[in-house]
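S.K.: Before I ask anything, here is the structure I am working with.
The values are calculated or read from the model by the stated rules, or taken from the named source; none is laboratory data. Since the structure is predicted, the reported quantities are computational estimates derived from the model, not experimental observations. Please note: Cβ atoms are built from the backbone with ideal geometry, for glycine as well, and neighbour counts cover all protein chains shown.
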Amino acid sequence: MDLELEGADLKAVLNRLRRAQGQISGVIRMIEEGRDCEEVVTQLAAASRALDRAGFAIIATGLQKCVADIESGRTNGEDAARMRARMEKLFLSLA
């Protein structure tokens with residue numbers, strides 16, 4: 001399954017990933033500066049949530065594409081059960 005994000009979906013995922021990138025850079029800087037543990041963990045948790053949300057957005061787009069492919073008959077020989085199993089595996093990788 002190819003990743004086909006367009007327009008607003010693409011922009012939203014990229015913004016989340018850039019936010020996470022900035023937060024991770026901030027966490028590294030905070031650790032290097034010897035900042036308070038609670039502050040570091042708070043920022044690390046925020047970065048983790050941003051990555052999770054980007055991943056879920058990508059998976060949601062994949063699910064939408066799979067449903068559209070099934071409805072239009074463009075499954076490239078893959079049955080619905082196998083597509084479902086692949087999407088479930090992706091979803092659980094983020095859980």
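S.K.: Since Ile70 meets every condition but one in (1) surrounded by 13 or more Cβ atoms within 10 Å (Cβ to Cβ); (2) of a type outside the set (D, E, K, R); (3) within 26 Å of Arg19 (Cβ to Cβ); (4) modelled with pLDDT under 80, which condition does it not meet?
M.R.: Against the list (1) surrounded by 13 or more Cβ atoms within 10 Å (Cβ to Cβ); (2) of a type outside the set (D, E, K, R); (3) within 26 Å of Arg19 (Cβ to Cβ); (4) modelled with pLDDT under 80, Ile70 comes up short only on (3).
S.K.: Filter the range 76-91 down to the residues that are assigned to a helix (DSSP H, G or I) and either aliphatic (A, V, I, L, M) or more than 25 Å from Ala54 (Cα to Cα) (or both), then identify the one that is modelled with the lowest pLDDT. Break it down into steps so the answer makes sense when it comes.
M.R.: First, pick out the residues of the range 76-91 that are assigned to a helix (DSSP H, G or I): 80-91.
Narrowing further to those that are either aliphatic (A, V, I, L, M) or more than 25 Å from Ala54 (Cα to Cα) (or both): 80-81, 83, 85, 87, 90.
Details: Ala80: 70, Ala81: 76, Met83: 74, Ala85: 81, Met87: 74, Leu90: 77.
The extreme case among them is Ala80.
S.K.: Which of (1) out of contact with any Asp or Glu (no Cβ under 9 Å at 6 or more places or on another chain); (2) in contact (Cβ under 8 Å) with a residue 12 or more places away in the chain is the odd one out, the single condition Ala57 does not satisfy?
M.R.: (1)
S.K.: Does the range 6-15 contain at least one residue that is in a loop (DSSP other than H, G, I, E, B) and either at pLDDT below 80 or exposed (fewer than 14 other Cβ atoms within 10 Å of the Cβ) (or both)? Spell out the reasoning first.
M.R.: Within the range 6-15, the subset in a loop (DSSP other than H, G, I, E, B) is 6.
This time we only want the ones that are either at pLDDT below 80 or exposed (fewer than 14 other Cβ atoms within 10 Å of the Cβ) (or both), so: 6.
Yes - at least one qualifying residue is present in the range 6-15.
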